[in-house]
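Read through the structure below, which is laid out as structure tokens, and then see the notes.
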Amino acid sequence: MRFHIGATVDGGLSFFDLWTHNCLTMASVETDQRESIFALLIRAADAHGARPAVEFADQTITYHDLLDRSLRLAAALTEAGAAPGAFVAFSFKKSIDAIVAMFAIARTGATYVPLDPTWPVARFQAIRAAAPFDIWTGTVAPPTELGKTSAIFATTTTNETTRTFASIQEIREPLTIDIVPPADDIANVLFTSGSTGIPKGVQITSRSLLHFAKWGVETFGLTSEDRLANHAPYNFDLSTFDIFAAVAAGACMCPIAEQLRMFPYRLAQDIAARGITTWYSVPSALALLVQRGKLADHDLSKMRRILFAGEVMPKPLLRDIAAALPNAELANLYGPTETNVCTWHRVTARDLEDDGPLPIGIPIDNTLAWLIPESSNASDVDTNETGELLIAGPTVTPGYLNDAALTNDKLIAAPDGDGFAYRTGDRCRRDEDGVLHFLGRIDRMIKARGHRIEPGEIEAALETCNGIKEVAVIAVADETFGNRIKACVSFDTNAAIDQNDRQTSLIQFARQRLPSYMVPDLWEIWEYLPRTERGKVDYRALSTGAPLSKRQQT
Amino acid sequence: MRPIWAAPSDFIMSDREQLRDYVFGELLPLSNANRPADDASLFDHGLDSLRLMQLLVFVEEKMRITLPDHEVTPERVETIDSIVGWIESHR
């Protein structure tokens with residue numbers, strides 16, 4: 001443990017307070033900044049060329065084939081204009097082609113922009129406005145409403161302007177020219193919920209992905225014998241472990257078909273049949289597996305590691321997982337999209353016994369964590385005092401795409417004076433052993449099924465619906481899914497429309513504008529929303545309903 | 001003050017009616033005019049893992065049918081028709 005002397009920053013503008021704080025650092029991983037994520041694939045193909053790289057739907061490709069296919073696609077992409085600084089849309093269902101395209105785009109030096117194929121076209125459009133891609137790669141061609149792109153590469157095609165991946169493998173020679181990406185090049189942009197109603201693009205550097213992959217391989221001892229499930233969608237940072245750590249180890253990637261996620265018993269069969277050794281997902285996915293997958297019916301003895309992140313792991317579920325998979329080590333990984341994984345905690349026997357919440361642990365290699373006081377009047381934060389978690393390290397984003405104001409608000413000068421640190425918005429405390437504990441959010445952000453959701457984004461979308469007077473979105477605790485989203489709405493009084501019809505049309509409206517994980521699960525129509533004395537929406541009253549029922553009676 | 005809208009209370013309905021009512025009234029809300037036929041794929045109307053689990057809980061708790069986990073397959077839950085058939089096989 002090292003002690004640093006630094007200063008907090010007031011509003012991101014000026015240093016105001018000298019203070020000391022302990023930061024954990026374990027300098028063992030040195031990431032070469034000039035290395036690209038494509039170099040991981042070259043090395044894997046050198047060392048493990050004949051071993052399986054991706055196995056999906058009864059098809060397997062070796063590392064040698066993955067390298068060859070990516071280079072051929074990279075040649076076609078380069079010709080279409082993919083180059084450092086350019087954006088390429090990446091809209092795939094789980095598939096071998098998705099992995100080929102991801103590495104091909106990396107080879108061109110361009111930035112891939114994951115677009116979940118299930119998202120409504122309105123979200124594609126909002127993202128395209130921020131990250132103006134002109135090349136599309138995906139399972140299918142883009143929806144026509146998205147407008148023209150200069151080149152389309154898809155797995156399946158229904159028109160002649162789209163080139164299929166299969167045809168490219170036949171006609172293209174592998175790309176051989178050298179492309180030197182800039183030192184801090186952006187490998188991808190992950191769009192997450194934005195409180196103002198517009199999704200925000202978190203820029204992820206190649207350096208971040210390389211550091212995370214290397215840390216993952218070393219920490220969990222991954223080898224070329226391992227088989228890593230890929231459960232999380234590509235727009236979710238969890239998937240970067242399943243892909244880049246696997247390639248860094250020369251291990252086999254085993255994508256989980258989307259539909260299988262809904263069928264826990266089938267999923268457990270699949271995990272057993274494919275001999276998966278390493279699993280990384282949100283806790284709610286594990287909850288479904290444990291509650292509905294009948295794990296005792298399946299031979300899961302090959303499972304060595306269960307890693308989870310994205311939301312709080314409930315202790316009863318943790319115990320169930322430990323009991324069902326006694327051969328597996330369990331680890332809690334923590335980090336918002338902006339930092340990828342930045343702290344972690346290996347589950348101990350004591351964790352399984354006590355009832356306290358699972359810690360988020362200690363920083364990963366080369367990463368520093370501080371707890372700064374939430375109120376600028378307070379002094380520094382002592383052991384067991386609460387503060388906002390601040391993170392600096394190689395996995396931290398350089399900022400949001402085209403949003404300097406938000407970047408300046410969230411990335412502040414690091415307390416040790418060395419570069420920038422990301423303000424997580426998470427309230428934490430550090431215990432006597434230096435272990436971090438997550439206590440809650442400073443703002444209204446909701447975590448549901450691992451997705452982070454800004455209630456303000458849902459509210460902003462719903463407010464544009466005709467006839468809506470007020471909207472407020474809150475979380476409702478759910479045993480399996482962590483949280484469910486509840487929308488409380490009121491309508492204009494003079495519109496003579498049936499309440500039920502209004503509600504259903506409002507839900508349709510939401511579906512056309514929001515990804516399905518942001519469409520509220522529960523809806524309530526109120527005559528008018530309860531307000532505090534200062535006129536703000538009274539969120540507490542919305543979740544209980546009690547204060548206003550009383551007021552109505554008087 | 002309470003929410004002025006709430007799900008309709010249960011009364012005697014057939015399995016199919018009860019299921020349609022729940023699926024299109026609450027789980028995947030659609031106005032009467034937009035409700036698809038009983039052989040339409042629910043996956044195309046937003047059935048996902050969370051909603052599927054809610055559906056199973058509804059069938060088990062409200063309709064009092066125990067559905068074995070290993071029988072939860074895409075073929076059985078894809079349409080209202082297939083779910084009704086599945087429920088009937090356990091009546």
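The values are calculated or read from the model by the stated rules, or taken from the named source; none is laboratory data. No experiment lies behind these values; they were computed from the predicted model shown. Because the Cβ atoms are built from the backbone with ideal geometry, glycine has one as well, and the counts that use them run over all protein chains shown. What goes into the accessible areas is simple: the full protein's heavy atoms, side chains included, and nothing from ligands, DNA or RNA. Shrake-Rupley method; radii C 1.70, N 1.55, O 1.52, S 1.80 Å.
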Practice prompt. Pick out, from A:ILE105, A:SER70, A:GLY85, the residue whose Cα sits farthest towards the positive end of the charge dipole of the range A:50-136, with +1 on the Cβ of Lys and Arg and -1 on the Cβ of Asp and Glu.
Written response: A:GLY85
Discussion item. Loop-only GluC sites (Glu not before Pro) in the range A:414-518, please: DSSP not H, G, I, E or B, and at most 13 other Cβ atoms within 10 Å.
Written reply: A:GLU432, A:GLU479
Discussion item. From the protein chains alone at 1.4 Å, what is the descending order of accessible area for B:MET63, B:MET13, largest first?
Written reply: B:MET13, B:MET63
Fill in: For the range B:15-88, accessible area per residue (1.4 Å probe, heavy atoms of protein chains only), Å²
41
Fill in: Solvent exposure, largest accessible area first (probe 1.4 Å, DNA, RNA and ligands not counted), of A:THR395, A:THR348
A:THR348, A:THR395
Worksheet item: To the nearest 10 square angstrom, what accessible area does A:THR161 show with a 1.4 Å probe?
Response: 100
Worksheet item: Near the amide H of A:GLY425, under 5 Å away, which other amide H atoms are found, from residues 5 or more places off or on another chain, if H is placed in the peptide plane?
Response: A:LEU389
Discussion item. Taking amide H atoms as placed 1.01 Å from N in the peptide plane, list the residues 5 or more away in sequence, or in a different chain, whose amide H sits under 5 Å from that of A:ARG449.
Written reply: A:ASN483
Worksheet item: When only DSSP loop residues count, what GluC sites (Glu not before Pro) in the range A:198-266 have their Cβ near at most 14 other Cβ atoms within 10 Å?
Response: A:GLU225
Fill in: Dipole moment magnitude, nearest 20 debye, the range A:437-488 about Cα centre, only Lys, Arg, Asp, Glu C-beta charged
160
Worksheet item: Across peptide B:45-56, how many C-beta atoms of other chains are within 10 Å of each residue C-beta, on average?
Response: 6
Practice prompt. Give the carbon-plus-sulfur fraction of the accessible surface of chain A in %, rounded to a whole number; probe 1.4 Å, heavy atoms of protein chains only.
Written response: 50
Worksheet item: What's the FRET efficiency of B:SER89 with B:ALA33 using the Cβ-Cβ distance as r and R₀ = 45 Å, to the nearest 0.05?
Response: 0.90
Discussion item. I need the helices of chain A that pass two filters: whole DSSP H segments spanning 20 Å or more by Cα along the axis, and mean Kyte-Doolittle score no lower than 0.0.
Written reply: A:63-80, A:206-220
Worksheet entry | Separation of the A:SER150 and A:THR348 label points, Cα + 7 Å toward Cβ, nm | 5.7
Item to complete: Taking H placed 1.01 Å from N in the peptide plane, check which residues at least 5 places from A:VAL54 or on another chain put their amide H under 5 Å from its amide H.
Response: A:ILE61, A:MET253
Worksheet item: Just the accessible area for A:VAL290, please: 1.4 Å probe, Å², rounded to the nearest 10?
Response: 30
Worksheet item: Put simply, what bits of the range A:443-478 lose 10 Å² or more of accessible area when the other protein chains are there, versus the chain on its own (1.4 Å probe)?
Response: A:ARG449
Worksheet item: Under the Karplus relation 6.51 cos²θ - 1.76 cosθ + 1.60, θ = phi - 60°, what is the ordered set of whole-Hz ³J(HN,Hα) values for the range A:467-482, x standing for Gly and Pro?
Response: x, 7, 9, 9, 9, 9, 10, 9, 9, 10, 4, 9, 4, 8, 9, x
Discussion item. If you roll a 1.4 angstrom probe over the protein chains with everything in place, what fraction of the accessible area of chain B belongs to carbon and sulfur, to the nearest %?
Written reply: 47
Discussion item. With n ≥ 4 as the cut-off for DSSP H runs, can you work out [θ] at 222 nm for chain A, using -39500 (n - 2.57) per run divided by the number of residues, rounded to the nearest 500?
Written reply: -8500 deg cm²/dmol
Practice prompt. Please give the residues from the range A:499-523 for which the solvent-accessible area of heavy atoms, probe 1.4 Å, is smaller by at least 50 Å² with all protein chains in place than with the chain isolated.
Written response: A:THR504, A:GLN508, A:ARG511
Worksheet entry | Per residue accessible area in Å² of chain A, where ligands, DNA and RNA are left out and the probe is 1.4 Å | 41
Discussion item. Rg and Dmax in Å for chain B, alpha carbons only: what are they?
Written reply: 13.1, 44
Discussion item. Along the Cα→Cβ direction, 7 angstrom out, place labels at B:SER14 and A:GLU527. What is the inter-label distance in nm?
Written reply: 4.0
Worksheet item: How far, in degrees from 0 to 90, does helix B:49-61 lean away from the longest principal axis of the Cα atoms of chain B, to the nearest 10?
Response: 90
Discussion item. Rolling a 1.4 angstrom probe over the protein chains, ignoring ligands and nucleic acids, what is the accessible area of A:THR504 in square angstrom, nearest 10?
Written reply: 10
Discussion item. At a probe of 1.4 Å, how much accessible area disappears from chains B and A on forming the pair, both sides counted, to the nearest 100 Å²?
Written reply: 3100
Worksheet item: Pairs A:LYS214/A:LYS447; A:LYS94/A:LYS315; A:LYS93/A:LYS200; A:LYS315/A:LYS447; A:LYS214/A:LYS315; A:LYS148/A:LYS410: which are spaced more than 24 Å apart, C-alpha to C-alpha?
Response: A:LYS214/A:LYS447; A:LYS94/A:LYS315; A:LYS214/A:LYS315; A:LYS148/A:LYS410
Practice prompt. Rounded to whole Hz and in sequence order, give me ³J(HN,Hα) for the range B:13-22 from the Karplus expression 6.51 cos²θ - 1.76 cosθ + 1.60, θ = phi - 60°, writing x for Gly and Pro.
Written response: 9, 5, 3, 5, 4, 4, 5, 4, 4, 6
Response to the item:
Here, chymotrypsin sites (Phe, Trp or Tyr not before Pro) of the range B:10-68 satisfying both criteria (DSSP loop; at most 16 other Cβ within 10 Å) are B:PHE11
